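Take a look at the structure set out below.
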Amino acid sequence: MSAPQWLIVPAAGRGTRMRAACPKQYLLLDDAAVLACTLSRLHEAFPEAALLLCLDSEDQWFHASMVPFERWQRLDGGDERVNSVRAGIDWLTDHAHSDDWVLVHDVARPCVTVADLHRLMDAIGDDPVGGLLAAPVTDTLKRQDSDQRIDETVPRQGLWRALTPQGFRYGILREAFDRAVSDRFLMTDEASGVERLGHAPLLVTGRSDNLKITHPEDLALVAQILRAQQDTSRLYLSDKEPGHEPI
Ligand code: C5P
């Protein structure tokens, strides 16, 4: 199986839409912080990878015990997600080869499964460019007019929601970030920057429960999803145990 050499986790957001007492990455899911849950999933999938964790320079909640990786580095994030990821890309200048794989994953997505992480790397492992987890759009889409009434229904066929992780060769990511600066393009995800170079990143179907915690109501939902995923994996494992063959 292919594995990334590098993981960049932007975690410098202040999460103002959550209206919580601390940034959303430090809210508790059962008894662990969102940040610890997310890093634990990434570590389970890619224990050998090196982690670049981009945090707010004024972060008062982070503690090193939340990081399960052996090789990791704390970096100062920026005032937008793209600037936080850029801190990781810049740090890699002296450390990464241009063919190395870099996976970028939002800290606010703790429900990403190990199976999806492996599926992404298996799908892009031999690709010269890279790709991302994504989910086909399932709702009917409307475009609004200036009065917030429906202007048109947008056909959803062929439309996807871009999730994370997004994984690219380091050299291509570097070029995408440099180009975005020179073009003053605000990259909302890595794929959009890579697309502007003329590449076509691969869409790899990911689970629709890989939610990004954004609004207050998302936290309880994400906690439920994590519990359900654990129950499912226990069921799956018990089916595999010796002595459970049907008679
Ligand atoms: O705010 P939003 O949920 O879209 O942020 C997506 C990810 O980017 C989160 O993991 C968040 O912590 C991170 N982020 C960051 N630096 C910022 C803003 C967001 O690392 N300035």
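The values are calculated or read from the model by the stated rules, or taken from the named source; none is laboratory data. On a predicted model such as this, the values are computed, not experimentally measured, just so you know. Cβ placement follows ideal geometry from the backbone for every residue including glycine, while neighbour counts extend to all protein chains displayed. We work out accessible area using only protein heavy atoms, side chains counted, and drop any ligands, DNA or RNA first. Shrake-Rupley method; radii C 1.70, N 1.55, O 1.52, S 1.80 Å.
Mean Kyte-Doolittle of at least -0.5 plus a Cα span of 24 Å or more along the axis: flag which DSSP H helices in the chain meet both, please.
What comes out of the filter, once short or polar helices are dropped, is 216-240.
In nm, give the distance between the simple-model label positions of residue 159 and residue 129, each being 7 Å from the Cα along the Cα-to-Cβ direction.
2.2
With a 1.4 Å probe and all protein chains left in place, how much of the accessible area of the range 1-103 comes from carbon and sulfur atoms, in whole percent?
Ligands and nucleic acids excluded, carbon and sulfur reach 44 percent.
Between residue 179 and residue 208, what length in nm is gained on full extension when 0.36 nm per residue of separation is reduced by their alpha carbon distance?
On the way: separation 29, 0.36 × 29 = 10.44 nm, distance 3.13 nm.
So the chain would gain 7.3 nm between residue 179 and residue 208.
Can you work out the FRET efficiency for the pair residue 215 and residue 140, with r the C-beta to C-beta distance and R0 = 22 Å, to the nearest 0.05?
Working: r = 21 Å, r/R0 = 0.97.
Given R0 = 22 Å and the Cβ-Cβ separation, E is 0.55.
Before I look further, what does the chain give for accessible area per residue, probe 1.4 Å, in whole square angstrom? Let's see the in-between values first.
Working: 13590 Å² over 247 residues.
That works out to 55 Å² for each residue.
Considering the chain, what Rg and Dmax in Å follow from its alpha-carbon atoms?
When restricted to the Cα atoms of the chain, Rg and Dmax are 18.9, 67 Å.
Let's test the formula: R0 of 22 Å, r as the Cβ-Cβ distance of residue 115 and residue 71. What FRET efficiency results, to the nearest 0.05?
About 0.35, to the nearest 0.05.
Enumerate the amide H contacts of residue 15 below 5 Å, restricted to partners 5 or more residues apart or on another chain; note that Pro and chain-start residues carry no placed amide H.
Result for residue 15 returns 24.
With both partners inside the chain, how many of the DSSP beta bridges are antiparallel, as a percent to the nearest 5?
45
With just the Cα atoms defining each centre, how far is the range 120-171 from the range 205-231? Give it in Å.
19
7 Å from Cα along Cα→Cβ at both residue 17 and residue 63: what's the point-to-point distance in nm?
Label at residue 17, label at residue 63, 2.9 nm between them.
For the peptides 130-138, 156-164, what is the packing order when you average, over each peptide's residues, the other Cβ atoms within 10 Å and list the highest mean first?
Descending mean neighbour count gives 130-138, 156-164.
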